[in-house]
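Reviewing the structure listed below.
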Amino acid sequence: MSKNVDTDTLYTTADKFIDLANILSQKDKSGTVGSAFRFAAARYSAFELSLSGKDLSKEREELKEGLLKDYALMLDENIDVYIRHLREKAQREKSHSKLKVFS
């Protein structure tokens, strides 16, 4: 990720894309939305790299490695968030199942 990125703006902007993906996913359960999301990210990333002023044909692998490194870090962070969320959800469900209701 660029060192000059404002994280609040990053998350707000990302949430807009995620909101749209969630809306589209309600109509299409095939997984196409996730694939389209990744394709759009790849297409936009190629466009963004073309604006870098660097020779894409000569520096393609170096530029691609930078993007892939950023993506891997972001993916790992989000996987960690979901792992914590799922553990917490399982704990809540386990706690609720132990509650006894008296009538």
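Bear in mind these aren't lab numbers, they're just calculated from the coordinates by the rules spelled out. Worth saying up front: this structure is predicted, and the values here are computed from it rather than measured. As a convention, Cβ positions derive from the backbone with ideal geometry for all residues, glycine included, and neighbour counts pool all protein chains shown.
To the nearest 0.05, what FRET efficiency results for residue 45 and residue 19 with a Förster distance of 35 Å applied to their C-beta separation? Approximately 0.95, to the nearest 0.05. Restricting the trypsin sites (Lys or Arg not before Pro) of the stretch 1-86 to loop positions (DSSP other than H, G, I, E, B) with no more than 15 neighbouring Cβ atoms within 10 Å leaves 3, 29, 54. Bridging of residue 58 to aspartates and glutamates at a Cα separation below 19 Å is possible for 48, once same-chain residues fewer than 8 apart are set aside.
Each Lys or Arg adds one and each Asp or Glu takes one away; over the other residues whose Cβ falls under 13 Å from the Cβ of residue 87, this sums to +1. Since only 34, 21, 9 are under comparison, the one whose Cα sits farthest along the positive direction of the charge dipole of the stretch 2-44, derived from C-beta charges on Lys, Arg, Asp and Glu, is 34. Charges were assigned to the Cβ only: +1 to each Lys and Arg, -1 to each Asp and Glu. The resulting dipole of the stretch 1-51 about its Cα centre is roughly 240 debye. What is the log10 of I(q)/I(0) for the chain, computed with the Debye formula using one identical point scatterer on each Cα and no solvent, at q = 0.20 Å⁻¹? Values, matching the q order: -1.23.
Scaling the Cα radius of gyration of the stretch 60-103 by the globular reference 2.2 N^0.38 Å produces a ratio of 2.13.
From least to most packed, judged by other beta carbons within 10 angstrom and beginning with the fewest, 33, 5 follow the order 5, 33. For the chain, the dipole from Cβ point charges (+1 on Lys and Arg, -1 on Asp and Glu) about the Cα centre works out to 700 debye, to the nearest 20.
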